[in-house]
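Derivation of every value follows stated rules applied to the coordinates shown; laboratory data play no part. Worth saying up front: this structure is predicted, and the values here are computed from it rather than measured. Counting neighbours? That spans all protein chains shown, and the Cβs are built from the backbone with ideal geometry, glycine included.
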DNA sequence: CTGTTAGCGCCTTCAA
DNA sequence: TTGAAGGCGCTAACAG
C-alpha cells in the first residue's frame, strides 16, 4: 500500500534507523565481509522493521547488467512453447538470471516490438523462437545483446541456435508408414516459410525416395496454421475417392485437427506426426509420433546464451548449432496396413 | 555485441551527434511538442545512426514506476496457467504494462522467493495464483505493491481475487451423474489445503445431499497432486469389487490420470471433472466437463490490479471478488447408467 | 524552442 | 571498520 510511485524506504532510511550510513547498509546487504557483527545486526533489524527491499532497478543501473534475459515465443498456450519456456527458466535461474517472457500471441508483426521492448528494459540477452521468416529485427537486436534462436535456424544472422532433428524425425516417421505398405500418405504441413515446414517436408519426401515411392502431390497440403485449418484440409482429403491411406502431420496442432477430422468422419487411418501430446496413448488410434524434449531445447538455448554472456569481453564464439534428438513413439492398435482402407471407428 | 555491461550509446551521445543537449533528445523521444521540426529530424537521424535505444531502467528509476506487473504461477506447462497468463498479458499490454512471469515449477516453497524477486525488480503490482495455503509472503508483498489473487481466495489478506464457480460447477457436474442414476461416484481430488480442493468437494457433496444420496467415504480420495498419483488412486478404486460406477475429478491433470487408468484397465465408466481439455471430444468416452475461460480469469485479475494501480494515491478500494462462470459440457457416448457397470472399452 | 541543474537509489572509489 | 563524494542514464523543474 505504501506503494505510490517512488514510495518505499531506501538504504538511506535503513541507515538512519540503524545509525549507520547508506553505504554500510549496502555492504551488509551485499555480504561484504568488512562490517562488524554489531552493525550487521542493527542493519538487519532495521531492514526487517521497515520491510526494506533493495531496489534492483537502481542497482542494475549502477552496475550495468540487469540480470534478466528475454524470451520471445509466439504462443504460450501451445505446450511446445510453455515447456521450452520452463527449460529456459530452469537454466537461467541456476545461473542467477531472471527470465522475462514475451508472447506475440500468433501475431508475427508484433515480434519486432516485443524484441525492442525487451532490449529497452535492459535484458542482457535474448532467446527467440522466430515467428516468421524475416529476421531483420533480430539483426538489429544483435547490435545490443546476444541473441540465440530456438527451434528455427538463423536466416542471415550469425548466431547460435538450437534445433530439433526435423528432417530426421520426419523421415523416420514417414518411413514407418511406408514400411507398413502405405503409398498414399497425405502431408499436412505448416507454412513453408517456416523452417520446420520445409525441413519436415524434406524428410517426408526423402523417406518416399528411399522407399521408391512417388509422393502424390495432390495429397500435400501446406500452409496450415492451426487445428481448424488442418481439420478442414484433412476432411477434404479424406472425402476424396482416391484419398490417403495414412496421414503425416508436421506438428501437434495439425495432428489435433486431423484427429478431429477423422473422428467426425467416423473413420480412422494411421497418423504420423511431430510432437507427442497428452493422452496420445489413450486415443486408441494408430499413431506414430516424433517426440522430443521441448524443455531441453530451452535449456540448451539458455546455456548457449549464458555462455555468450560470460564471454562478452572476449572474442565472441563462432555461431554454434545444437541439435536435440527425436525419437519415434508408437501408440494405439497396430496399423491395419493400406489394404484395409479407412476403418470405421470402433 | 556492443553489449558488454553498461555499453551502448546514451542520450548524451545522441545529443552530441545531433548537436543538441541530452535534454532535447529526451524531449524528442517523448514526443514533447516543444521541439522544432529541424532538431527533431536531426535527433532521429542520430538515434538511427547510433542504433540508440532508450534505457527504460534508468527511466523508471527517475520516474518511479517500472511499467511492469508480476505474475506468479505454479506450472506454465498446465494449459490452465498458460491461458491465464495470456489473459493477463492481453489486458496488461492494452494498458501499457509489461508482464514479468515467474513460475514456481510446482515447488511451493519457491513462491515467496519469486514474489520477493519481482518486488525487488520494481514490479508495480502482482497477480498470484497461490500454490499453497500459506499466504504470509503475500501479506508481506502487500506492504510494497498491490496484490491480486487468481483462482484462489485470500486467506487472511484483504485484497481482490478472481474465482471460478468451483462449488457451483462441481455440484452441477456431480448432479448430472446422479441424475443418470449413479450412486457410487468416486471423488478424485487435489489436496484439501487448496481452496479449489475443498470447494469442489463441497459441490460434490451438496449434489449428493440434494439427490438424497449418501456419498461413500471410501470412494473419496484427496491429496492427488498430478496425473500419476491420480492414475494410481483411480486404478485402486476401479479394482475394487464394490468400486465406483462413475468418477469425479477436480482438475485436468487428475482427469488425465483417471482416463489413463480406465484405459489401462480396458474399461470405461462415466467421468465428470473440472477443466475441459484438448481432444476431450475425440476420446470417445462419456465425459461431463466443467469448462470455464481461463483467459478470462487472467483478464479480470489484470483489470482489478490495474484499477488498484490507478487509485494508488486515493483511498484503496475495498477487497473485491470477481467470479468467472462455468458451464458443463457433455462429450462422447450417452452414459449407459450405473446398471451397466464398467463397460469394456471398444 | 533549448539548455542547466539536480536527484531517482544504488554502488565504486577513495579517504578516514 | 566506516563514511563522503560522485555518477550510472534519464527527466522534472526551472532558467534563458
#### Entry: nm² value of the averaged projected area, convex hull over the Cα atoms of the stretch A:11-61
3.3
### Query
How many nanometers, to one decimal and shortest first, lie between the label point of residue B:136 and those of its other copies, if labels sit 7 Å from Cα toward Cβ?
5.6
### residue B:32 versus residue A:19: modelled label distance in nm, points set 7 Å from Cα along the beta carbon direction
4.6
### Message
Taking beta carbons within 10 Å but only from partner chains, what does the mean come to for residues A:117-124?
### Response
5
### Summary
Per GNM of chain A with C-alpha springs under 10 angstrom, the most fluctuating residue out of A:84, A:285, A:126 is A:285
### Query
How much mean residue ellipticity at 222 nm does the protein assembly as shown get from its helices, if each DSSP H run of length 4 or more adds -39500 (n - 2.57) and you divide by all residues, to the nearest 500 deg cm²/dmol?
-13000 deg cm²/dmol
### Query
With the radius of gyration and the Kirkwood radius both derived from the Cα set of chain B, what is their ratio Rg to Rh?
1.14
### Query
Taking the Cα atoms only, what angle lies between the long axis of helix A:79-94 and the longest principal axis of chain A, rounded to 10 degrees?
30
### Query
Distances from residue A:232 to the same residue in each other copy, label points 7 Å out along Cα→Cβ, in nm, shortest first?
4.7
### Query
What are the distances, in nm and sorted shortest first, from the label point of residue B:212 to the label points of the same position in each other copy, with each label point placed 7 Å from Cα along the Cα-to-Cβ direction?
7.5
#### Entry: Residue-span extension gain [residue A:133 to residue A:94] - 0.36 nm each, minus C-alpha spacing
10.9 nm
### Task
Provide the gained length on full extension for the span residue B:321 to residue B:48, in nm with one decimal, where the gain is 0.36 nm per separating residue minus the Cα-Cα distance.
93.5 nm
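Among B:10, B:250, A:268, which comes first, then next, by fewest other beta-carbon atoms within 10 Å?
Starting with the residue having the fewest Cβ neighbours, the order is B:10, A:268, B:250.
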### Query
With the contact rule set at Cα under 8 Å and sequence spacing of 6 or more, what percent relative contact order holds for chain B?
17
### Query
Counting partner chain Cβ atoms within 10 Å of every residue's Cβ in B:59-65, what's the average?
5
### Task
Using Cα pairs closer than 8 Å and at least 6 residues apart in sequence, work out the relative contact order for the stretch A:11-61, in percent.
36
### Query
Which of these, B:273, B:117, B:70, has the largest mean-square fluctuation under a Gaussian network model of chain B (Cα springs below 10 Å)?
B:117
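Given 0.36 nm per residue, what is the gain on full extension from residue B:63 to residue B:39 after removing their alpha carbon distance, in nm? Intermediate values should be presented prior to the final figure.
Working: separation 24, 0.36 × 24 = 8.64 nm, distance 2.49 nm.
Working it through step by step, the gained length comes to 6.2 nm.
Which of B:81, A:195, A:95 has the fewest other C-beta atoms within 10 Å, and how do the rest follow up to the most?
Exposure proxy ranking, most exposed first: A:95, A:195, B:81.
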#### Entry: Highest-fluctuation residue, A:328, A:25, A:108 considered, GNM on chain A with Cα pairs under 10 Å
A:25
### Query
Spin-label point model (7 Å from Cα, Cβ direction): what's the residue A:211 to residue B:232 distance in nm?
4.1
### Summary
By Cβ neighbour count within 10 Å, fewest first, B:297, B:306 rank B:306, B:297
### Query
Pairing the Cα long axis of helix B:294-310 with the longest principal axis of chain B, what angle in degrees results, from 0 to 90 and rounded to the nearest 10?
40
## Note on the structure
If one compares the long axis through the Cα atoms of helix B:195-211 with the longest principal axis of the Cα atoms of chain B, the angle in degrees, nearest 10, works out at 30
### Task
Could you tell me, in Å, what Rg and Dmax come out for the Cα atoms of the protein assembly as shown?
28.1, 88
